[in-house]
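Notes for the one structure printed next.
The values are calculated or read from the model by the stated rules, or taken from the named source; none is laboratory data. In this text the structure is predicted, and so the values were computed from the model without any measurement. Cβ placement follows ideal geometry from the backbone for every residue including glycine, while neighbour counts extend to all protein chains displayed. Side chains are part of the model used for accessible areas, which takes the heavy atoms of the whole protein and leaves out ligands, DNA and RNA. Shrake-Rupley method; radii C 1.70, N 1.55, O 1.52, S 1.80 Å.
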Amino acid sequence: MAKKILITGGAGFIGSHVVRLFVAKYPDYQIFNLDKLTYAGNLANLTDIEDAPNYTFVKGDITDAAFLDQLFQEQNFDGVIHLAAESHVDRSITDPMAFVMTNVVGTVNLLNAAKNSWQSDFSGKRFYHVSTDEVYGSLHNPEDFFVETTPYDPQSPYSASKAASDHFVRAYGNTYKLPVVLSNCSNNYGPNHFPEKLIPLMIHNIQTNKPLPVYGKGENVRDWLYVIDHARAIDTIYHNGKNGDTYNIGGFNEWKNIDLVNLLCSIMDRKLGRPEGTSAQLITYVTDRAGHDLRYAIDASKLMNELGWKPSLQFEEGLEKTVDWFLANQDWLENVTSGAYQKYYDSMYENR
Ligand code: NAD
Ligand code: TYD
């Protein structure tokens with residue numbers, strides 16, 4: 001019988017790439033995409049595979065335990081790849097409870113639904129929790145990297161909620177022997193990225209000649225990975241990772257925010273036929289984010305050495321591809337920035 005895999009958050013940025021990869025690469029699997037379609041979930045991210053015979057979309061909320069229990073009883077999934085989350089640090093500062101509900105309560109609900117449905121028969125089963133490097137806190141010594149054994153030290157409500165969910169996943173592995181595996185990844189970028197995050201926001205604002213809001217002095221450092229390389233890592237870890245283990249994912253690619261914004265400005269000047277230096281004039285330094293983490297940097301050696309994964313793209317190449325995707329997908333950007341996609345899909349599912 002075909003393997004049934006539940007992917008949560010599959011209408012979001014990273015989830016959509018994971019769903020597409022699994023649907024295309026594993027025609028024998030049945031892929032279920034469970035998503036609440038919050039502001040960040042957009043089924044337009046998946047129009048190319050929506051009619052695939054091995055793909056099913058389920059609209060639902062992981063904070064609803066009864067709904068999850070029923071879904072798991074009906075479908076008897078073999079595996080779960082859990083990406084559904086509230087994911088934006090700035091939103092977590094204004095509304096932390098939404099992060100507690102989805103990221104913590106939602107994850108525990110999913111763990112319970114899997115545990116109840118599998119009833120200690122764990123052969124061939126797997127619960128994969130997708131997490132972030134932000135759980136490790138902020139690096140201050142330039143020599144340091146996050147490794148899998150770095151102590152947790154989350155600093156934002158977002159990272160605190162993800163840290164809590166990671167702890168629950170490990171606790172279910174330890175206590176109930178649930179076959180869990182986890183990964184903590186650095187910042188992603190690429191197609192379908194919601195334009196509240198740094199890279200797509202800057203691309204959109206450069207194109208529309210709006211100010212480019214750089215927090216503080218722009219000295220904060222992030223470690224960037226192309227989203228499809230993250231999806232490939234998730235595939236590798238789902239299939240070959242060791243039960244109970246954690247894998248850090250990253251491309252050894254650190255950038256100071258201001259350097260990255262300047263690079264984007266110069267790529268966009270070239271693509272839009274503007275004289276070099278035009279877009280950089282839009283850079284505007286604004287009040288810093290509260291509690292802004294200084295630096296993230298992932299050491300992904302374990303994943304590379306033990307499971308043979310490596311990133312496929314250099315950053316400059318990935319950034320060019322990303323800019324090209326946004327310039328070629330004006331409708332997507334227009335729908336997302338106006339919120340039109342939500343009205344469209346809400347009415348579609350209300351009528352079912
Ligand atoms: P995203 O915000 O783009 O997408 C999240 C998806 O989850 C959306 O489709 C949304 O509708 C869905 N969702 C939210 N609440 C839900 C709920 N209660 N029930 C069901 N679905 C719900 O996020 P993303 O950037 O794609 O991140 C996906 C996962 O990867 C998250 O767990 C995040 O913590 C993790 N992660 C993200 C990054 C990054 O750079 N974006 C890096 C490392 C890890
Ligand atoms: P973001 O994309 O929100 O990811 P995260 O906070 O999870 O790392 O932000 C990336 C970096 O860019 C972070 O240091 C905050 C900074 N930033 C800005 O300077 N201006 C912005 O408008 C945004 C959204 C982020």
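Ordering 156-169, 237-250, 53-66 by mean Cβ neighbour count within 10 Å, with the highest value first, yields 156-169, 237-250, 53-66. A 1.4 Å probe, protein heavy atoms only, puts the accessible area of residue 140 near 130 Å².
Put simply, the Cα atoms of the chain extend 63, 49, 37 Å along their principal axes, the longest span coming first. Annotation: Cα Rg of the stretch 152-258 relative to the compact-globule expectation 2.2 N^0.38 Å equals 1.30.
Once you reduce the stretch 29-66 and the stretch 274-308 to the center of their Cα atoms, the two points are 30 Å from each other. Computed over the chain, relative contact order equals 17 percent, with contacts defined as Cα pairs under 8 Å that lie 6+ residues apart.
Given only helices, namely DSSP H runs of n ≥ 4 each adding -39500 (n - 2.57), what is the per-residue ellipticity at 222 nm of the chain, to the nearest 500 deg cm²/dmol? Using -39500 (n - 2.57) per qualifying helix, the result is -13000 deg cm²/dmol.
For the stretch 176-231, a crude dipole built from +1 on the beta carbon of Lys and Arg and -1 on the beta carbon of Asp and Glu, taken about the Cα centre, is about 120 debye to the nearest 20. Both numbers refer to the Cα atoms of the stretch 1-109; Rg and Dmax are 13.9, 46 Å. Take every DSSP beta bridge whose two residues both sit in the chain; close to 10 percent of them are antiparallel. The smallest convex shape that holds all Cα atoms of the stretch 303-342, its convex hull, gives 103 Å³ per residue. Charging the Cβ of each Asp and Glu at -1 and of each Lys and Arg at +1, and nothing else, the dipole of the stretch 230-325 about its Cα centre rounds to 100 debye.
Relative to the Cα centre, the charge distribution of the stretch 1-89, modelled as +1 at Lys and Arg Cβ and -1 at Asp and Glu Cβ, gives a dipole magnitude of about 220 debye. The GNM of the chain, with springs linking C-alpha atoms under 10 angstrom apart, assigns the highest mean-square fluctuation among 71, 272, 178 to 272. The fraction of accessible area contributed by carbon and sulfur in the stretch 268-341 is 48 percent, rounded to a whole number (1.4 Å probe; ligands and nucleic acids excluded).
Projecting the Cα atoms of 113, 209, 253 onto the charge dipole of the chain, computed from C-beta unit charges around the Cα centre, puts 113 farthest toward the positive end. Once the 1.4 Å probe is applied to the protein heavy atoms, the chain comes out at 42 Å² accessible per residue. Of the beta bridges in the stretch 157-308, as assigned by DSSP with both residues counted there, near 20 percent are antiparallel.
The alpha-carbon atoms of the stretch 253-352 define a convex hull whose volume equals 210 cubic angstrom per residue. In this structure, the residue pairs whose Cα-Cα separation is over 32 Å, taken from 125/321; 115/302; 36/271; 162/271; 3/256, are 125/321; 36/271; 162/271; 3/256.
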